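Asks: Next up is a structure, given as structure tokens.
The values are calculated or read from the model by the stated rules, or taken from the named source; none is laboratory data. Small disclaimer: the values here were computed from a predicted structure and weren't measured. Neighbour counts run over all protein chains shown; Cβ positions are idealised from the backbone, glycine included.
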Amino acid sequence: MWPRSAERQGTPWQLLGIPIHIEASWFLVVAFIAWSLARGYFPSTYAGLPTGLYWAMGVLAALLLYLCVLLHELGHSVVARHHGIPVRCVTLFMFGGVAQIARDARRPAIELQVALAGPLVSALIAGACFAASGHLPARQPLEVAGAAVVRYLAVINTGLIVFNMLPGFPLDGGRVLRAALWAWTGSLRRATRIASTLGLLLGLGLLVLGGWALTQGAWSAGIWYILLGMFLRRMARASYDQAAWMET
């Protein structure tokens, strides 16, 4: 995702000349992901390893997951800057990351290129991890752990691509849809309204899914879906309101 946002102060570090910010919520989610991997996913999938190794795998996988998210957002940012669009910063937070781009693209083709850059980076990472996982040795515990983390990154990056390409603004798929509608209708405002409406519906679907998960006893998944649905609806509503304001 790459919404526009006010520029932040106090940049802790930069990458490729782009300020990188980390919100406090990022640390909480990294800890939760590491815990869930160390206590659930890795022991159930790769039984028989030492407990300490499971924790090392969980922490490493969680950190590498967010590194993949950062590279995804840098993909958006690099292509945007290539087309002369300023990038204020990339922010990592509980739901992943956002590239905060200063303005909309001037043409639908540029919008499409910027929107697809992030998923393309994720696809390259997923492909490389899938390819590597088939050739890594897995005889000793450390070898099994390394191969397991690589396979996890392959699967999770594939899942992130699928989710990100859903046709609801402000997800990447919603921006691809907006670019197509913009080219078809000739109106960025109309395209934004349609893509944002689908984003609102997608957020509502996540809220419903979260509620259903809670009734099934899947508390962590249910709460996560609800929070993500609320976030997507807030971002989609802001974009919809902006488009409506531009039409007045």
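Table: residues versus (1) assigned to a helix (DSSP H, G or I); (2) in contact with an Asp or Glu (Cβ under 7 Å, 6 or more places away or on another chain); (3) modelled with pLDDT under 95.
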residue: Thr158; (1), (2), (3): yes, no, no
residue: Phe163; (1), (2), (3): yes, no, yes
residue: Leu166; (1), (2), (3): no, no, yes
residue: Thr192; (1), (2), (3): yes, no, yes
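Asks: Still on this structure, I have one more. Quick one: how many residues across segment 92-118 are surrounded by fewer than 21 Cβ atoms within 10 Å (Cβ to Cβ) and within 25 Å of Tyr225 (Cα to Cα)? Walk me through it before giving the result.
Replies: So the first thing to find is which residues in segment 92-118 are surrounded by fewer than 21 Cβ atoms within 10 Å (Cβ to Cβ), and the list is 93-95, 102-104, 106-110, 112-113, 116.
Cutting the leftovers down to within 25 Å of Tyr225 (Cα to Cα) gives us 93-95, 116.
Summing the residues that are surrounded by fewer than 21 Cβ atoms within 10 Å (Cβ to Cβ) and within 25 Å of Tyr225 (Cα to Cα) in segment 92-118 gives 4.
Asks: Restricting to segment 168-192, what's the tally of residues that are surrounded by fewer than 22 Cβ atoms within 10 Å (Cβ to Cβ) and over 19 Å from the mean Cα position of the chain (by Cα)?
Replies: Looking only at that region, the number is 10.
Asks: Out of Gly205, Gly134, Gly159, which single residue is surrounded by 14 or more Cβ atoms within 10 Å (Cβ to Cβ) and without any contact (Cβ under 8 Å) to a residue 60 or more places away in the chain?
Replies: That would be Gly205, the only listed residue that is surrounded by 14 or more Cβ atoms within 10 Å (Cβ to Cβ) and without any contact (Cβ under 8 Å) to a residue 60 or more places away in the chain.
Asks: Could you list, in sequence order, the residues of segment 175-190 that are part of a helix (DSSP H, G or I), without any contact (Cβ under 8 Å) to a residue 60 or more places away in the chain and not basic (Lys, Arg)?
Replies: Once the filter is applied, which keeps residues that are part of a helix (DSSP H, G or I), without any contact (Cβ under 8 Å) to a residue 60 or more places away in the chain and not basic (Lys, Arg), segment 175-190 yields Leu177, Leu181, Trp184, Thr185.
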